[in-house]
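> What follows is a single structure, and I will ask about it in a moment.
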Amino acid sequence: MSAASLPHPPGDARQFVFADRDFRRVCQLIHDRAGIALVASKRDMVYGRLSRRLRALGLDDFGDYLALLEGDPDGEEWQAFTNALTTNLTSFFREPHHFETLRTQLQRAGTGRKPLTLWSCAASTGEEPYSMAITACEAFDTLQPPVRIVATDIDTQVLATARQGVYPIERVAALDADLRRRFFQRGTGPNAGKCRVHPALQALIEFRPLNLLAGRYDVGGPFDAIFCRNVMIYFDKPTQRGILSRLVTHMDVASLLYTGHSENYLHAADLIQPCGRTLYRRHYTAPAA
């Protein structure tokens, strides 16, 4: 379907006119800024999320909003624009086989160099890095395992939630009762219906903003494990390859890259090689960390 024939409701069904050219400009801007490749089916989602920004800024026209962005490449609104168009779908212990593998990996590496270093590339609201922290605590049977976790995301709003470590109680309802007892604190009074991760988990994690399109990643390394899961699906193949080419510089021969179940990297076989179920190692010809 061409951009000129994208379906959208009549103008009187919306507060703001959202023309084809506006959608194309949004697609180009978010791709250039964050690498996200929007498709035609996301048009209504884009309108819904960005119309909130127009209301917040008192603007009446999408053209004015996009001109504001383009006129100030370093302006504060770019972060709000990026936050609005970032999709954050996550849960504790999503794709549980990865955490079983991570536990084994940590136990095997525990007698080597310390601390072991882990990186959650798309941390979202924190469920993934906290799951990594719980796994580390269980692997070493202590709340102070020899592990350091870096958790990054382009969306500053979800990172703020992740740092707080406070979630609706239903977010942990499916977890084993013993895990809930040991690693979460149930809220009372005004915090009833919520839970907070154990402070010991927060102490293991450093949350920081990072755009995976950046030319270099100032996160340290090499990492024993890098979780880059269910984020590459939003990028086109050239963008994926660019990100992988930077990720491998933070890996050594023993590092594991954990990826999402729907992500395929046959186009980057010279950078990473499969070594298990959605697991990869750095290809031996890829640049060393």
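> If you check every pair at least six apart or on different chains, which have Cβ atoms under 6 Å apart with a residue in the range 134-157 that is touching a residue at least 60 places away in the same chain (Cβ under 8 Å) first and a residue that is open to solvent by 50 Å² or more (accessible area, probe 1.4 Å) and part of a strand (DSSP E or B) second?
Val150/Glu206; Thr152/Arg208; Thr156/Pro209
> Right, something else. If I filter the range 208-236 down to residues being β-branched (Val, Ile, Thr) and under 18 Å from Ala269 (Cα atoms), which single residue comes out as surrounded by the fewest Cβ atoms within 10 Å (Cβ to Cβ)?
Initially, the range 208-236 is screened for residues β-branched (Val, Ile, Thr), giving 219, 226, 231, 233.
If we keep only those that are under 18 Å from Ala269 (Cα atoms) as well, we get 226, 233.
Numbers: Ile226: 26, Ile233: 13.
Applying the filter and picking the extreme gives Ile233.
> May I pose another question? Please verify whether the range 262-277 includes one or more residues that are under 20 Å from Thr125 (Cβ atoms) and either of a type in the set (Gly, Ala, Ser) or open to solvent by 10 Å² or more (accessible area, probe 1.4 Å) (or both).
Within the range 262-277 (the criterion being under 20 Å from Thr125 (Cβ atoms) and either of a type in the set (Gly, Ala, Ser) or open to solvent by 10 Å² or more (accessible area, probe 1.4 Å) (or both)), the answer is no, since none of the residues qualifies.
> From the list Thr161, Thr125, Thr117, pick out the single residue that is of a type in the set (S, T, N, Q) and touching a Lys or Arg at 6+ places or on another chain (Cβ under 7 Å).
Thr117
> Just checking, does the range 122-131 include any residue being under 20 Å from Met251 (Cβ atoms) and free of Cβ contacts under 8 Å to residues at least 24 places away in the same chain?
Restricting attention to the range 122-131, the residues satisfying the condition of being under 20 Å from Met251 (Cβ atoms) are 122-123, 128-129.
Subsequent filtering for residues that are free of Cβ contacts under 8 Å to residues at least 24 places away in the same chain retains none.
There is no residue in the range 122-131 that is under 20 Å from Met251 (Cβ atoms) and free of Cβ contacts under 8 Å to residues at least 24 places away in the same chain.
> So which residues in the range 278-289 are basic (Lys, Arg) and either open to solvent by less than 20 Å² (accessible area, probe 1.4 Å) or farther than 20 Å from Gln105 by Cβ (or both)?
Passing the criteria: none in range.
> Tally the residues that are of a type in the set (Ser, Thr, Tyr), touching a residue at least 40 places away in the same chain (Cβ under 8 Å) and out of contact with any helix residue (DSSP H, G or I) (no Cβ under 7 Å at 6 or more places or on another chain), restricting the search to the range 88-116.
Total meeting the criteria: 1.
> To continue, here is another question. Of everything in the range 1-37, what is polar (S, T, N, Q), at pLDDT below 85 and either under 19 Å from Thr86 (Cβ atoms) or outside any loop (DSSP other than H, G, I, E, B) (or both)? Give them in sequence order.
Across the range 1-37, the qualifying residue is only Ser5.
> What's the total number of residues in the range 38-66 that are hydroxyl-bearing (Ser, Thr, Tyr) and at pLDDT below 90? Break it down into steps so the answer makes sense when it comes.
Residues of the range 38-66 hydroxyl-bearing (Ser, Thr, Tyr): 41, 47, 51, 65.
Filter once more, so that each one left must be at pLDDT below 90: 41.
Qualifying residue count for the region: 1.
> Turning to a different aspect of this structure: In the list Ala160, Ala80, Ala151, Ala84, which residue meets the criterion of being part of a helix (DSSP H, G or I) and farther than 24 Å from Leu38 by Cα? Step through it out loud before you land on a result.
Details: Ala80 fails: farther than 24 Å from Leu38 by Cα; Ala151 fails: part of a helix (DSSP H, G or I); Ala84 fails: farther than 24 Å from Leu38 by Cα.
That would be Ala160, the only listed residue that is part of a helix (DSSP H, G or I) and farther than 24 Å from Leu38 by Cα.
> If you don't mind, there's one more thing I want to ask. In the range 237-261, what residues are among the small types (Gly, Ala, Ser) and either within 18 Å of Leu210 (Cα to Cα) or surrounded by 15 or more Cβ atoms within 10 Å (Cβ to Cβ) (or both)?
Gly242, Ser245, Ser255, Gly260
> Given the criteria open to solvent by 60 Å² or more (accessible area, probe 1.4 Å), over 30 Å from Ser245 (Cβ atoms) and in a strand (DSSP E or B), does Arg196 qualify?
The answer is yes for Arg196.
The values are calculated or read from the model by the stated rules, or taken from the named source; none is laboratory data. Fair warning: this is a prediction, and the values are worked out from it, not measured in the lab. As a convention, Cβ positions derive from the backbone with ideal geometry for all residues, glycine included, and neighbour counts pool all protein chains shown. We work out accessible area using only protein heavy atoms, side chains counted, and drop any ligands, DNA or RNA first. Shrake-Rupley method; radii C 1.70, N 1.55, O 1.52, S 1.80 Å.
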